[in-house]
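For reference, the structure is listed below as structure tokens.
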Amino acid sequence: MNDQAETARKSGRKLGPLLKFAVELGPLLVFFFVNARVDIFAATGAYMVAAILALGVTWYLARRVPIMPLVTGVFVLGFGGLTLLLQNDLFIKMKPTIVNGLFGVILLGGLIFGRSLLKPVLGETLALRDEGWRVLTLRWGLFFLVLAGLNEFIWRNFSTEFWVDFKVFGIMPLTMIFAVSQVSVINRYLIENKSAPD
């Protein structure tokens, strides 16, 4: 175990970005490779096992599991279980639509009631003014809905293999690009940045 992982495990702090990325990407790569070698059903079973292992590794290293990976993991197990039980890949294909749609609706719904639900999730690592939290929450909420729509379009109109490729090599890069594009918003509304406009 490297020093970063050992430090995170002992202190119960958040995982570093590279380690967090590896833990999140691992199950998707397992899903991709097993699907390429066998089929979608074997890949779904492997994905479920890898997701459980990823959550276990996250808990072991950081002594906590962030809410979004936890919710995603629960949906992987639920929809993956239905896929295997009923031998119908519809369920695993719909999982990203439902998870992303749920996140989007929750974030945007919170704004309707005057709450930025990103703040409890990211507030430990970012110190933003309230307006910044509102802007980020709106953008991420809309982005999750776009991902849900993209997933629906892809699985309904393309082959299973194309959908798997999109799930692994489309959604993750799109999410990373979108996250990087929000750095300017974060910098603008940082509490430490006294010169930032309101």
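The values are calculated or read from the model by the stated rules, or taken from the named source; none is laboratory data. Every value quoted in this text rests on a predicted model; they were computed, and no experiment measured them. A quick note on method: Cβ atoms are made from the backbone with ideal geometry, for glycine too, and the neighbour counts reach across all protein chains shown. Quick note on the areas: whole protein, heavy atoms, side chains included, nothing else; ligands and nucleic acids left out. Shrake-Rupley method; radii C 1.70, N 1.55, O 1.52, S 1.80 Å.
Things to note:
- Here the 3J(HN,Hα) profile of the stretch 169-177, calculated from phi with Karplus coefficients 6.51, -1.76 and 1.60 at θ = phi - 60°, is 9, x, 5, 5, x, 4, 5, 5, 4 Hz, Gly and Pro shown as x.
- DSSP-assigned coil residues among chymotrypsin sites (Phe, Trp or Tyr not before Pro) in the stretch 91-198, each with at most 11 further Cβ atoms within 10 Å: Phe113
- Net length available on complete extension from Ala42 to Ser184 is 46.9 nm, with 0.36 nm assigned per residue and the Cα-Cα distance removed.
- Largest first, the three principal axis extents of the alpha carbons in the stretch 107-186 are 44, 25, 18 Å in whole numbers.
- For the stretch 105-198, accessible area per residue (1.4 Å probe, heavy atoms of protein chains only), Å²: 58
- Rounded percent of accessible protein surface that carbon and sulfur make up, the chain, 1.4 Å probe: 69
- Charge dipole (debye, nearest 20) of the chain; +1 at Cβ of Lys and Arg, -1 at Cβ of Asp and Glu: 460
- Cα Rg, Dmax (largest Cα-Cα span) when computed across the chain, Å: 18.0, 58
- Think of the chain as a dipole: +1 on every Lys or Arg Cβ, -1 on every Asp or Glu Cβ, centred on the Cα centre; then among Asn151, Leu111, Val30, Leu111 lies furthest on the positive end.
- Built amide H within the under 5 Å cut-off of Leu128, gap 5+: Ile191
- Principal-axis tilt of helix 130-157 within the chain, Cα atoms, nearest 10 degrees: 20
- Contact order relative to length of the chain, as percent, for alpha carbon pairs under 8 angstrom and 6 or more apart: 19
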